[in-house]
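Enquirer: After the structure tokens below, expect a handful of questions from me.
Just so it is clear, none of the values below were taken in a lab; they were calculated from the coordinates. Model, not experiment: these values are computed from the prediction. A quick note on method: Cβ atoms are made from the backbone with ideal geometry, for glycine too, and the neighbour counts reach across all protein chains shown.
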Amino acid sequence: MQQRLLPACLLATLIVSASAAQAGTVTYSSFTGWSTALGGGTINTAAIPDVGSFDFFGTGDASVTYDGVVFFQSKLLSTASLFNFSKGITGLPAILTSQPATGIKSNNILTTLPFTVKAFAMLYGTSGGSTVNFALSSGDTFSFATAATGYDTPNFFGVISTTAFDSVLVTSTDTALNIRDIKFGENANTGGQVPEPKAWCLLVSGLVTIFARTRCAFATN
């Protein structure tokens, strides 16, 4: 129960206060640009393993841990299903995917890292081409359009910040939200880690606002 409550609390806090990008926070659309900007910082990787077919982790509250990184889907945002969809079925690299069954589509995957970082990256994609939202536990939020690519992950999201964070919430209103190849670490150009943000509670209201707007847009279309 405690393991489930912790990610749920982090998700709740993340959703409270979405803000625009803080000064000193920069996003990148390619691995080359992101890794070059790190200036030699350490990069850790959490790969989604190929399980040969798929692993189902549950509907609503569900989680899985790969390489010390916890991936959590919350029923607070949807009744989607979370599973590993591997290249044994898709012909593409293995992905972690959140897929709502019916009703309002509100995929969500909270990625919680084993320590605070200033650099994070992942590959992502959507089945139907919906916008994908990213919310860092530091309070920064970003939204990017995607193309309809089924179970592929052609988009790169990279961020480097002067403020440390230890989780990233990814959401969309699509039939499938797919992620893989999570990378994280320090930015050698910004110095060492700083303490975690003290006010986690400031984090749940902003993303709720973003999500509410996205749902309204989805309902109107």
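Enquirer: Going Cα to Cα from Lys118, which aspartates and glutamates come in below 13 Å? Please leave out same-chain ones fewer than 8 positions away.
Expert: Leaving aside aspartates and glutamates fewer than 8 places away in the same chain, those within reach of Lys118 are Asp140, Asp166, Glu186, Glu196.
Enquirer: Give the whole-number value, in cubic angstrom per residue, of the convex hull volume spanned by the C-alpha atoms of the range 74-134.
Expert: About 125 Å³ per residue, rounded to a whole number.
Enquirer: Between Tyr66 and Ser29, what's the calculated FRET efficiency when r is the beta-carbon distance and R0 is 25 Å? Round to 0.05.
Expert: 0.55
Enquirer: Taking amide H positions as placed 1.01 Å from N in the peptide plane, with prolines and chain starts having none, which residues 5 or more places from Thr162, or on another chain, fall under 5 Å of its amide H?
Expert: Here Thr25 satisfy the definition.
Enquirer: Pull out the extension gain between Ile43 and Thr79, defined as 0.36 nm times the separation in residues minus the alpha carbon to alpha carbon distance; nm, one decimal.
Expert: Between Ile43 and Thr79, full extension yields an extra 9.6 nm.
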